[in-house]
Amino acid sequence: MTVSPLAICWFRQDLRLNDNPALCAAVAHGPVLPVFILDHESAGSAAPGAASMVWLHHSLESLDASLGGALQCYEGDAMTILGDLIESHGVTGVFWNRCYEPWQIRRDTNLKRYLRETGCETQSFNGSLLWEPWEITKSDGTPYRVFTPFYRRGCLAAPAPRAPIPPPDIEGRLVAGNEATRSSLLPQHPWATQMMRPWLPGEQGAGDRLSQFLHEGIDDYKEGRNYPAKGNVSRLSPHLHFGELSPNQVWYASSALYDDANLDHFLSELGWREFSYHLLYANPDMQTLNLQPRFDRFPWQRDSEKLKRWQRGQTGYPIVDAGMRELWQTGYMHNRVRMIVGSFLVKNLLTHWHEGERWFRDCLVDFDLANNSAGWQWIAGCGADAAPYFRVFNPVTQGQKFDPEGRYTRQYVPEIGALSDRRLHCPWEATDTELSEAGIRLGIDYPHPIVELRESREAALVAFASTKDPV
């Protein structure tokens, strides 16, 4: 008696049908049982937060619809769940696309060994990166620690990323299990509904967003990406993180339409995403340990009240508060503003970058362990290719330069919207008459600045000097 082959396609951060190597391999193996497993226990401190769970809920619903309702969702230990499915369904092959977070690498290595010992065919594929982390190294085989040579000498000199592959024919090829749980990942809070209004999770939404950006946003990307009120950022990051489209699709779709400085800058942003994964692969403790050890001596301060005011967008610095409120209301923050609010937290408030990493992890729909950790280490100055510590973003001049008409700031800090453009980013400099005419009572309608910029910058430089090795 011959057993007909049955494959599990284990969906992870690849919630799509197009350009999905694991799904193609599973379909080629035999009938497919599509599975998703929420394995927070194994993830530990790397588990995504509430905003990511909201996005994941909608993305899984979209994928399930694409699979005709056949997606089986489980929660628990992946090795136990997959082992039970193999035994109960007679599975002969398990296929997945690789993830690169340290806990996933450890789990998947053990799982692959276990499955092969049982005689189950097991294969993993690259469905999430343009280049594998181990493929891009310096000439001596060591990992890069600086972005520009990583991207220019490493990535662009390497073989081109593989072209996207078409979706397999799944008609009549999917098998539904009967033991999966369908619990909602949505919190019982109206915030979850409000946050998702600007977004359309899922493969279709990802494709629509990419198309819109390529036809409306990329033309002025090189300069326009710095202005949060403009529509020149792609906003593809959550779609890329959950794998609703692959970086290969983005790379080739954009390259097919453009060949200019805007495209070069946009592709280099995909390069930054690759670099973050490259760093995490080489430094598995990057989420918690400073890549520059001298920052272990940094005299961080603990002030729960200042941290809370930063989280709530009540610092008294409008561009900072606008960014923090955008984050809470939409699960997203413009990249230029991410740098401004990050600098303010770690340098003006001398608060450990771990606090920012944790808050972003919980609030971002595009939370990504590699990008979030690398980004916070970069802005704190302790990363491999970090901004110099003495580069402290001035929230007043940053607001005046990149939101000169105040469209972004007024959207999220409407209580000071009646101020003139000249005073909007520094309301404490407004005269009593200007404040009265705008209907603003500083300290009541909008807070006074939480710290003084010059003094806090000087304190940050003194703290940084204390980390230097003695002569």
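Within the set PRO238, PRO228, PRO201, the sole residue that is touching a residue at least 24 places away in the same chain (Cβ under 8 Å), touching a helix residue (DSSP H, G or I) at 6+ places or on another chain (Cβ under 8 Å), surrounded by 19 or more Cβ atoms within 10 Å (Cβ to Cβ) and assigned to a helix (DSSP H, G or I) turns out to be PRO238.
Scanning region 79-113 for residues that are more than 31 Å from the chain's Cα centre (by Cα), surrounded by fewer than 17 Cβ atoms within 10 Å (Cβ to Cβ) and in a helix (DSSP H, G or I) returns ASP84, GLU87, SER88, HIS89. Answer with yes or no whether LEU267 is in a helix (DSSP H, G or I), farther than 29 Å from VAL320 by Cβ and either touching a residue at least 40 places away in the same chain (Cβ under 8 Å) or basic (Lys, Arg) (or both). The answer is no for LEU267. Only one of the numbered conditions (1) among the aromatic types (Phe, Trp, Tyr); (2) out of contact with any His (no Cβ under 7 Å at 6 or more places or on another chain); (3) surrounded by fewer than 20 Cβ atoms within 10 Å (Cβ to Cβ); (4) in a loop (DSSP other than H, G, I, E, B) is not met by TYR332, and that is (3). Among the residues of region 373-401, those identified as part of a loop (DSSP other than H, G, I, E, B) and more than 21 Å from ALA459 (Cβ to Cβ) are GLY383, ALA384, ASP385.
Checking each residue in region 1-35 for being farther than 24 Å from ASN248 by Cβ and either in contact (Cβ under 8 Å) with a residue 24 or more places away in the chain or not polar (S, T, N, Q) (or both) picks out MET1, VAL3, SER4, PRO5, LEU6, GLY30, PRO31, LEU33. For ASP303, indicate whether it is farther than 18 Å from ALA370 by Cβ and modelled with pLDDT under 95. The answer is no for ASP303. Within region 418-446, the set of residues being buried (at least 17 other Cβ atoms within 10 Å of the Cβ) and in a loop (DSSP other than H, G, I, E, B) comprises LEU419, HIS425, CYS426, ALA430, ALA438, ILE440. In this structure, PRO404 does satisfy being surrounded by fewer than 19 Cβ atoms within 10 Å (Cβ to Cβ) and in contact (Cβ under 8 Å) with a residue 12 or more places away in the chain. For region 10-25, a residue qualifies if it is more than 18 Å from TYR100 (Cα to Cα) and in contact with a strand residue (DSSP E or B) (Cβ under 8 Å, 6 or more places away or on another chain), and the qualifying residues are LEU23, ALA25.
The values are calculated or read from the model by the stated rules, or taken from the named source; none is laboratory data. Keep in mind that this is a model prediction, so the values were computed, not measured. So basically every Cβ, Gly included, is an ideal-geometry build from the backbone, and we count neighbours across all protein chains shown.
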